[in-house]
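Only the coordinates and a few stated rules stand behind these numbers; no lab work does. Nothing here was measured: the structure is a model prediction, and the numbers come from that model. With ideal geometry, Cβ positions are generated from the backbone for all residues, glycine too; neighbour counts draw on all protein chains shown.
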Amino acid sequence: MKNELLGMLVTALAILSAAIVSGLRLKPYIDAGETYTPASFMLYPALAAVLVAIPLIFLLRAAQGTKELEIGPLKFTERSPFMALWCILYIVIAVTFFPYDGPEESDLLPEPSYQEDTGSPLNQPVRLPLPFAALQESAVEKRHVL
């Protein structure tokens, strides 16, 4: 029973560690307001971890002749060896082979707002409806005369 609890604890710590690594790698993209993250952020490391973890677990199960894997003092039951090994491999592969690049510098600059492009709204001419057009034209002419 103690060995099973240790196995569950290792699995839980592996999942928590993978979540922390993913969060730390994702945070700059969220801070920069990115809506798209590159596939190298999580997809490629996750697929590589799956391609290694699944065959390795099946080989260990075949070698031990049981579904419950015992690795030293740890005893993994049911799907916990898949989860633990996948998370550990994901962390190693993501950090080693897919280092964090972060968003490009141009992505971090704030985009200018519409008001900055058009200038102050107080300096814009006011257009009046058609009946008041004659009054507007005479007011402009008087202003130029003064």
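For this structure, a couple of remarks:
- Sub-9 Å Cβ pairs linking a first residue in the range 19-44 that is touching a residue at least 40 places away in the same chain (Cβ under 8 Å) and surrounded by 15 or more Cβ atoms within 10 Å (Cβ to Cβ) to a second residue that is of a type in the set (K, R) and part of a helix (DSSP H, G or I), at least 6 apart or interchain, are F41/R25; M42/R25, ordered by first then second residue.
- Candidates L16, L6 - the one that is more than 13 Å from V95 (Cα to Cα) and touching a strand residue (DSSP E or B) at 6+ places or on another chain (Cβ under 9 Å): L6
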